[in-house]
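Written below as structure tokens is the structure these notes are about.
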Amino acid sequence: ALAMGKTESELKSEGVDPSLIPHREFPGNRPSNILLLQRLTAYETGQILALYEHRTIVQGFIWGINSFDQFGVELGKKLADQVR
């Protein structure tokens, strides 16, 4: 049901507790992804990680920024070098 989205008035007509309406309302026109998997293994986890890595690269290219030239990324590289 959340994939289709519901408005505040639809939720009220269904008798949803008013305190929950802000958390269940999904008016739409907001990009989102739903990932459905039969099972979650190391392989599928790697695929999800690769998906978001690719998304980060492409968004950075579109926005004209280097997605990997950020403070947190540099810190991660330095910490990873210490582990080796």
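The values are calculated or read from the model by the stated rules, or taken from the named source; none is laboratory data. Just so we're clear, the structure is a prediction, and the values are computed from it rather than from any experiment. Methodologically, a virtual Cβ is constructed for each residue, glycine included, from the backbone with ideal geometry; neighbour enumeration extends over all protein chains shown.
Would you confirm, using the coordinates I've provided, whether L36 is surrounded by fewer than 12 Cβ atoms within 10 Å (Cβ to Cβ), without any contact (Cβ under 8 Å) to a residue 24 or more places away in the chain and within 20 Å of the chain's Cα centre (by Cα)? In short, yes.
Against the condition surrounded by fewer than 12 Cβ atoms within 10 Å (Cβ to Cβ) and modelled with pLDDT under 80, how does G46 come out, does it pass? Spell out how you get there, then give the answer.
On the way: surrounded by fewer than 12 Cβ atoms within 10 Å (Cβ to Cβ): yes; modelled with pLDDT under 80: no.
Taking the combined requirement at face value, the residue does not satisfy it.
Conditions (1) outside the structural domain of V73 (by TED's automatic domain parsing); (2) assigned to a helix (DSSP H, G or I); (3) in contact with a His (Cβ under 9 Å, 6 or more places away or on another chain), marked per residue:
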position	(1), (2), (3)
G15	yes, no, no
P18	yes, no, no
H23	yes, yes, no
F26	yes, no, no
L40	no, no, no
Y43	no, yes, no
Q47	no, yes, no
A50	no, yes, no
R55	no, yes, no
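Can you confirm whether the stretch 63-75 contains a residue that is in a helix (DSSP H, G or I) and aromatic (F, W, Y)?
Applying the first criterion (in a helix (DSSP H, G or I)) to the stretch 63-75 yields 63, 71-75.
Remaining after also requiring aromatic (F, W, Y): 63, 71.
Yes, the conditions are met somewhere in the stretch 63-75.
Of the residues in the stretch 52-67, at least one is touching a Gly at 6+ places or on another chain (Cβ under 9 Å) and at pLDDT below 90.
Which one of the conditions (1) under 17 Å from the mean Cα position of the chain (by Cα); (2) touching a residue at least 12 places away in the same chain (Cβ under 8 Å) does P31 fail to meet, given that it meets all the rest? Unmet for P31, out of (1) under 17 Å from the mean Cα position of the chain (by Cα); (2) touching a residue at least 12 places away in the same chain (Cβ under 8 Å): (2). For the stretch 67-84, the set of residues classified as under 20 Å from the mean Cα position of the chain (by Cα) and surrounded by 11 or more Cβ atoms within 10 Å (Cβ to Cβ) consists of S67, F68, Q70, V73, listed by residue number.
Kindly indicate whether L20 is under 30 Å from T7 (Cα atoms), surrounded by 10 or more Cβ atoms within 10 Å (Cβ to Cβ), among the aliphatic types (A, V, I, L, M) and without any contact (Cβ under 8 Å) to a residue 12 or more places away in the chain.
On the way: under 30 Å from T7 (Cα atoms): yes; surrounded by 10 or more Cβ atoms within 10 Å (Cβ to Cβ): yes; among the aliphatic types (A, V, I, L, M): yes; without any contact (Cβ under 8 Å) to a residue 12 or more places away in the chain: yes.
So L20 passes the test.
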